[in-house]
1. The range 43-109: which trypsin sites (Lys or Arg not before Pro) are DSSP loop and have at most 11 other beta-carbon atoms within 10 angstrom?
2. Across 10 Å bins from the origin, how do the percents of Cα pairs in the range 7-74 run, short distances first?
3. Using a cut-off of 26 Å between alpha-carbon atoms, which lysines can reach residue 115, once sequence neighbours fewer than 8 places away in the same chain are excluded?
4. Ignoring everything except DSSP H segments at least 4 long, calculate the 222 nm mean residue ellipticity for the chain; use -39,500 (n - 2.57) per segment, divide by total residues, nearest 500.
5. Can you put 54, 149 in order of Cβ neighbours within 10 angstrom, beginning with the fewest?
6. Using every pair of alpha-carbon atoms in the chain, split the distances into 10 Å bins beginning at 0 and state the percent of pairs per bin, rounded to integers.
7. Spelling out what I want: for every residue of the range 192-209, take phi, set θ = phi - 60°, compute 6.51 cos²θ - 1.76 cosθ + 1.60 (Karplus), and round to whole Hz; glycine and proline get x.
8. List, in order, the whole-Hz ³J(HN,Hα) value for each residue of the range 123-130 obtained from phi through the Karplus relation with A = 6.51, B = -1.76, C = 1.60 and θ = phi - 60°; use x for Gly and Pro.
Amino acid sequence: MKLYSSIVPGVFRERLNRFTARVEIQGQTESVHVKNTGRLRELLLPGAPVFLQHCEAPQRKTAYDLISVRRQDGALVNIDSQSPNKVLGEYLPRLFPDQIVRPEYTWEDSRFDFKVGDRVLIEVKGVTLLENEGVARFPDAPTIRGVKHIEGLIRAKSSGWDPYIVFVLAMKGARYFAPNDATHPEFGNALRRAEQAGVRILAFDCLVTSDSLTIDQPVPVKLTL
């Protein structure tokens, strides 16, 4: 799925804060917008090749969005936190043929990413962290909001919904997905409670290019400690 235009290559130099980084583009160092507030420590390394989208908007403080980073093993990882919802939205008709897909559905005190048909609720999480042994993990930083979403899915299940949480791995190369208990054990515990309650937990990897992201294959999910 093509998501971007006006893509240019660059070399990552440093991250200034959650939203801004310095990147060398065509020999000049520019401040760019980082489209992901996660830590990304294993990706945003000085000298890493990156791809950016040039944005024609006079009101912006930066002229570029940082879209993807090439890992040390050469694989490309999409770090745009908005892209997992877009590509899963395109993919959902394959999982749920002839069902109406509605984005951003509010139930009780939670807003979930999708409602499909009459009884399916779906929450999407984008994954960028891949450990050396090929284990994709989420989150890369504590996420109270993520735990709240899982608890909402558990309540929805008890109220007759068919809830899912889908992890979109914005990369290839993962052997399986597992929660990042070392970083946020509460999230992992909530995910295990959700599985026991009957919430369906899926993971998919993606094909990544400089201007596209496309869901490719299911990835095994392992929740046991």
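Coordinate-derived values only; no laboratory data. Remember, predicted model here, so these are calculated numbers, not experimental data. For neighbour counting, all protein chains shown are included, and Cβ atoms are generated from backbone atoms with ideal geometry for every residue, glycine included.
1. Listed in order of number, the matching sites are 60, 61.
2. Going from the shortest bin to the longest, the percentages are 23, 59, 17, 1.
3. Once the sequence-local lysines are set aside, what remains near residue 115 is 2, 35, 86, 125, 148, 157, 222.
4. Calculated at 222 nm, the ellipticity per residue is -6000 deg cm²/dmol.
5. 54, 149
6. Percent of Cα pairs in each bin: 8, 32, 35, 20, 6, 0.
7. 5, 5, 5, 4, 5, 7, x, 5, 7, 10, 10, 9, 9, 8, 9, 7, 10, 10
8. Listing the rounded values in order: 10, 10, 10, x, 10, 10, 8, 10 Hz.
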